[in-house]
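The values are calculated or read from the model by the stated rules, or taken from the named source; none is laboratory data. Owing to the predicted nature of the structure, the values given are computational and were not obtained by experimental measurement. A quick note on method: Cβ atoms are made from the backbone with ideal geometry, for glycine too, and the neighbour counts reach across all protein chains shown. Side chains are part of the model used for accessible areas, which takes the heavy atoms of the whole protein and leaves out ligands, DNA and RNA. Shrake-Rupley method; radii C 1.70, N 1.55, O 1.52, S 1.80 Å.
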Amino acid sequence: MSMIGKSIRRSDGPLKVTGQAQYTVDIDLPGMLHAKVLRSPYPHARLVRIDASAAEALPGVVVLTAADLTDLDNAFGVTLKDQPIVAIDRVRYVGDPVAAVAADTIPAAEAALELIEVEYDPLPVVMDAEQAMREGSVILHDTERPRSPMFVGWPAERFRRNLNVCSGYHVEQGDVESGFAAADHVFEDVYTLPPIQHGNMEPHATVASWDARGGLSMHTSTQSPSIIRAQLAEIFGLPENRVRVMVPYVGGGYGAKVFAKIEPLVAALARKARRPVRLVLTREEEFATATRHGATVHVKTGVMNDGRIVAREIRAIYDTGAYADTGPRASKKGGYNSVGPYRIPNEHLTSYCVYTNKPPAVAFRGFGVAQVCWAGESQLDDIARRLGIDPLELRVRNLLREGDTFVTGETLHAVSTEKTARAATAALDWGSARPAPRRDVARGRGMACCIKSTSTPSNSSASVRLNADGSAHLLTSSCEIGQGSMSVLAQIVAESLSMPVERVTVSFPDTDVTPFDQSTLSSRTTFSVGRAATDAAHAVRQQLLELAAGQLEAAADDLEIVGGSVFVRGSKAEARTFAQLIRAHFGSPAGSLFGHSVFQTRGGLDTLTGKGKASATWFFSAAAAEVEVDLETGKVTVVRIATAADVGRAINPAQCHLQNEGSMLTALGGALFEEIAFDGGQPVNATFLDYGLPSFEDAPLAFRSILLETPSLDGPFGARGVGESVISPVPPAIANAIADALGGARVRSLPLSPERVLEAIARASAEKVTA
Amino acid sequence: MNVAVTVNERRMTLDVRPNETLIEVLRERLGLRGTEEACGVGVCGSCTVLIDGRPVSSCLVLAADIDGRAVTSIEGIGTDGRLDPVQEAFLEHHAFQCGFCTAGMIMAVKGLLAEKPRATREEAKDYLGGNLCRCGTYEEVLAAVESLTKA
């Protein structure tokens, strides 16, 4: 029975429903100390003096400050090395780590924190990214920071306005000025959205220890063990074979745990303490560690009366907070994806990544696309209304098609733009008669489309080890963050080896043992790691066939494998199980067969032209929403949402649907109420008391997740990925539904709070009165 | 201070600090690490356990207040070799993803079914409103609940 397309129960299920699944927060090591972090209360200040002597005098307490890190380069960062492990002479956001304490208990660590004296000299603050780009702005980093090989932006002289702009990207085709001149209508708008919280239920957590040979090992809640190993090796001047990163189950990531976050700090503290140290962030500290980029997106679109889009100019400013993290990559991705899934002859797309005194903005589900999709898809509906064309029809007239050339210059294949758009809208009975309006409640429908790329180039390795008894191990550095990767990868290996899936165990990442993986991000695991796993399994399959050919005295081509047994086609009586083949080969039930594969995607974009190959495979998706708007309170109820995502091939359909549900709910929260708010640089809602995540009662009354399967060229069994596909089109679909309900009244800032909806209603009636 | 408490049907006497919480008792004193803390302010429900059969946020309950009570954590449901029907329903309906909120979610569902064995979908949503799941498994949890209320 094929394992592909089967919604089998997940292998981690029994552990997760019994409380036996182990997360980093659950790990103790003998002699372990507990850590606490002292953080800046100022959004921007010089760090004048720090005196930890009173704290250090407490029995069993170890304190880490920048003075302990003078033997190394106290800076890390996956694109720009601009983030100190603990502050050196400056703090740049409320929550910036200033010192760290390790003690026998949490209360002892907290008591020690209280005794650390810090003198700050406050500096002016900049909280708005557009303001931060202007001449005369407060500057966060006085010198240009060293770049890592993972930096991908322009050379500085091309994008630099001032030192707050840490990265820029631009790509174009045709000539937008001529395009706008020739257009019948030109629409120019500004859309904004604030930073939001990932909401990973398991906080960031790391347990680090050093051994007597100067080797570092850690358990950490991460999505990127291989890259973190490289980052730590570089920071501490160690070869990678002396740094070990192990990852158990991860209680949610969504991008918050991509690349190094608290790992360098915990490693440095453990180094000083000479004992294992565990740090688990509080929920407030989560808000001060990782957020999603807020952005301001300027969209200018030129259209003809018949609905053809002839020109589009985008200028997207991403607010990366105090440190770059993956901001340059997210903003670049937003840059070229900003045109949307449309064929437009004249395109001019620019994005900037800008520092402000906010907590660092990092990778987030949707990675740079959510911001530009919010802007572009909202404006397109205004355009449709103005031209008197149905929003679906307007899009269909302009969608990218199979074989089209994207603005980056690459050819698009397996394009399902129209299929996804029609599937999502059909699920909401698009075009059908509206229910009768009720007093004080307006009802509307909206839709949005999305195109998304995946991180390219990239590199994933997998090893399959067949044990003497015929059971198998798959070794990868993929992290089980909730997406079901362990189960899906087991299905892929089981299928590739024609063996029972229960006899395949997928490893946890352990960089001493599991081979390199680029990271568990960018919806890439099934596509890249799954492909490597398929090829590794095939290598073992080949060995099995050769053994069987010898032992059964047949040609390998005449052999078949079913249920973990090999036999000559048509002659099942002479079957040999994997265990029998291995035993005969080694002379006893000992030894193993081993297969390995590296799946590499090639490409990347030229830093000057922005052109090249942005993505090994593309994601096409759409969302449609039906809402009710209470005209008295402005409250929006999402009645129905339908999403359509082309997953290439659904290896485990139930897990694909779960991913879409998670994307949809996070998008809904960001659309209606989620926002990290600041007052003069101070966060004001950094707990779950004040920052709401969508609950059972916020979920739409009905949700439909539609999976389309247009096989990708290179994915295992045609699979692409699904983790982020529908998160970007959901907010504009909701906003478009609201506008539809309100006769065109438009809100251009997320979240679509009741206040903003009422303001939009008031503005629309005022305009009607004056018209 | 001493508290006499039954945890997962085991009677015990514990000497607890005045500000010690129930979740600290479970995780640190008793090594029962299935219950997880995610928000520390009693909003997210990940730390849900049952006290005398009713769900509570163990991060907010003081150990001092469990004297004479019976506490049930995720480790206390199901018996050797057999899962509790709620656990089985969660597996059948794929009602989890990262699993961090799952123990608390299951205990809340236990509380719901004890109080309203025929709960409607609306009643279930209302009762479970204090159990947050960022991975987004609400539909599947409701399907699991429905399989038990309509059984």
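For the peptides A:195-204, A:175-184, what is the packing order when you average, over each peptide's residues, the other Cβ atoms within 10 Å and list the highest mean first?
Working: A:195-204: 26.1, A:175-184: 16.5.
Result, highest mean Cβ count within 10 Å first: A:195-204, A:175-184.
Averaged over every viewing direction, what's the projected area of the C-alpha convex hull for the range A:322-418? Give it in nm², one decimal, please.
Working: hull surface 29.5 nm².
Mean shadow area of the hull around the Cα atoms is 7.4 nm².
With only Lys, Arg, Asp and Glu charged, each at its Cβ (+1 for the first two, -1 for the last two), find how big the charge dipole of the range B:64-151 is about the Cα centre; round to the nearest 20 debye. Mind showing how you got there, number by number?
Numbers: 9 positive and 14 negative charges, 29 e Å.
So the magnitude is around 140 debye.
Quick one: Cα centre-to-centre distance for the range A:99-126 and the range A:359-405, in angstrom?
First find each Cα centre; the distance between them is then 46 Å.
Within the range A:613-771, what percent of beta bridges assigned by DSSP are antiparallel, to the nearest 5?
Working: 11 of 18 bridges.
Bridges in the range A:613-771 that DSSP calls antiparallel: roughly 60 percent.
Which whole-number percent is the relative contact order of chain A (Cα, under 8 Å, 6+ apart)? Could you put the intermediate results ahead of the total?
Values: 2015 pairs, mean separation 117.8, N = 771.
Relative contact order of chain A: 15 percent.
Counting other Cβ atoms within 10 Å of each Cβ, which GluC sites (Glu not before Pro) in the range B:1-54 have at most 13 and sit in a DSSP loop? Provide the component values of the computation, followed by the final result.
Values: sites: B:Glu9, B:Glu20, B:Glu24, B:Glu28, B:Glu36, B:Glu37; in loops: B:Glu9, B:Glu20, B:Glu36, B:Glu37.
Answer in residue order: B:Glu9.
Of the peptides A:728-734, A:185-191, A:526-532, how do they stack up when ordered by the mean number of other Cβ atoms within 10 Å, highest first? Display every interim value, and only then the final one.
Values: A:728-734: 32.7, A:185-191: 16.1, A:526-532: 29.1.
Highest to lowest by the protection proxy: A:728-734, A:526-532, A:185-191.
Cβ under 15 Å from A:Ala182's Cβ, A:Ala182 left aside: what net charge do those residues give with Lys, Arg +1 and Asp, Glu -1?
Numbers: positive: A:Lys300, A:Arg308, A:Arg312; negative: A:Asp175, A:Glu177, A:Asp184, A:Asp306, A:Glu313, A:Glu347.
With Lys, Arg at +1 and Asp, Glu at -1, the neighbours total -3.
Would you work out what percent of the accessible area of the range A:1-78, with all protein chains in place, is carbon or sulfur (probe 1.4 Å)? Write out the running numbers ahead of the final one.
Numbers: 1810 of 3240 Å².
Carbon and sulfur atoms account for 56 percent of the accessible area of the range A:1-78.
At 4 °C and a viscosity of 1.567 mPa s, what translational diffusion coefficient does Stokes-Einstein give for the range A:1-134, taking Rh as the Kirkwood radius over Cα pairs? Give it in µm²/s as a whole number. Display every interim value, and only then the final one.
Values: Rh = 18.3 Å.
Using the Kirkwood radius from Cα pairs, D works out to 71 µm²/s.
Counting only other chains, what is the mean number of Cβ atoms within 10 angstrom of the Cβ of each residue in peptide A:3-16?
Per-residue shielding by partner chains comes out at 3.
Whole Å is fine, so just give me how far the alpha carbon centre of the range A:60-75 lies from that of the range B:63-93.
Here the answer is 45 Å between Cα centres.
Take peptide A:692-700, look around each residue's Cβ out to 10 angstrom, count Cβ atoms belonging to other protein chains, and average those counts.
Averaged over the peptide's residues, the number is 6.
Using only the alpha carbons of the protein assembly as shown, what is the convex hull's orientation-averaged projected area in square nanometres? Show your work: numbers first, answer last.
On the way: hull surface 162.4 nm².
That works out to 40.6 nm², a quarter of the Cα hull's surface.
How much of the DSSP beta bridge set in the range A:619-705 is antiparallel, as a percent to the nearest 5? Kindly include the intermediate steps, with their values, before the conclusion.
Details: 11 of 15 bridges.
So the antiparallel bridges amount to about 75 percent of the total.
Under 24 Å Cα-Cα from A:Lys452, which lysines qualify once same-chain neighbours fewer than 8 residues away are excluded?
Excluding near neighbours in sequence, the set is A:Lys257, A:Lys300, A:Lys332, A:Lys333, A:Lys419, A:Lys611, A:Lys613.
Sort A:715-721, A:7-13, A:44-50 by packing, meaning the average of other beta carbons within 10 Å per residue, with the highest value first.
Details: A:715-721: 25.3, A:7-13: 19.7, A:44-50: 17.7.
For the peptides A:715-721, A:7-13, A:44-50, the packing ranking is A:715-721, A:7-13, A:44-50.
Bin all alpha-carbon pair distances of the range A:627-771 at 10 Å intervals from 0 and give each bin's fraction as a whole percent.
Calculated P(r), rounded to whole percents: 11, 33, 29, 19, 7, 1.
May I ask which residue of B:Asn2, A:Tyr42, A:Ala423 lies farthest towards the positive end of the charge dipole of the protein assembly as shown, with charges of +1 (Lys, Arg) and -1 (Asp, Glu) on Cβ and the Cα centre as origin?
Of the candidates, A:Ala423 comes out farthest on the positive side.
Using the Cα centre of the range A:43-192 as the reference point, and only Cβ charges (+1 on K/R, -1 on D/E), how large is the resulting charge dipole? Debye, rounded to the nearest 20. Intermediate results must be reported in sequence, preceding the final value.
On the way: 11 positive and 26 negative charges, 62 e Å.
Charge dipole, the range A:43-192, about its Cα centre: 300 debye, nearest 20.
Could you report the buried accessible area between A and B, both sides summed, computed with a 1.4 Å probe and given in Å² to the nearest 100?
Details: alone 27910 and 8230 Å², together 32230 Å².
When A and B are taken together, about 3900 Å² of accessible area is lost.
Please compute the length gained on full extension between A:Ala764 and A:Phe586, using 0.36 nm multiplied by the number of residues separating them and subtracting their Cα-Cα distance.
Values: separation 178, 0.36 × 178 = 64.08 nm, distance 8.05 nm.
Net length gain for the segment: 56.0 nm.
At a Cα cut-off below 22 Å, give the lysines reachable from A:Lys635, other chains included and same-chain residues fewer than 8 away excluded.
Filter leaves B:Lys125.
What does the net charge come to around A:Gln22 if you take all other residues with beta carbon closer than 12 Å to its beta carbon, with K and R at +1 and D and E at -1?
-4
For the range A:684-735 and the range A:616-637, write down the distance between their C-alpha centroids in whole Å.
11
Compute, for the protein assembly as shown, the length of the dipole vector about the Cα centre, with Cβ point charges of +1 (Lys, Arg) and -1 (Asp, Glu) only. Units Debye, rounded to 20.
Values: 91 positive and 109 negative charges, 256 e Å.
Approximately 1240 debye in magnitude.
Answer with one residue from A:Thr577, A:Ser663, A:Gly77: the one whose Cα lies farthest towards the positive end of the charge dipole of the protein assembly as shown, charges on Cβ with Lys, Arg +1 and Asp, Glu -1.
A:Thr577
Just to confirm a number: summing +1 for Lys and Arg and -1 for Asp and Glu over residues other than A:Ala556 whose beta-carbon lies under 14 angstrom from that of A:Ala556, what do you get? Intermediate results must be reported in sequence, preceding the final value.
On the way: positive: A:Arg541, A:Arg569, A:Arg576; negative: A:Glu546, A:Glu553, A:Asp557, A:Asp558, A:Glu560.
Every neighbour counted, the sum reads -2.
Within 10 Å of each Cβ in B:63-70, how many Cβ atoms from other chains are there, averaged over the peptide?
Numbers: counts 0, 0, 0, 0, 0, 0, 0, 0.
For peptide B:63-70, the averaged partner shielding equals 0.
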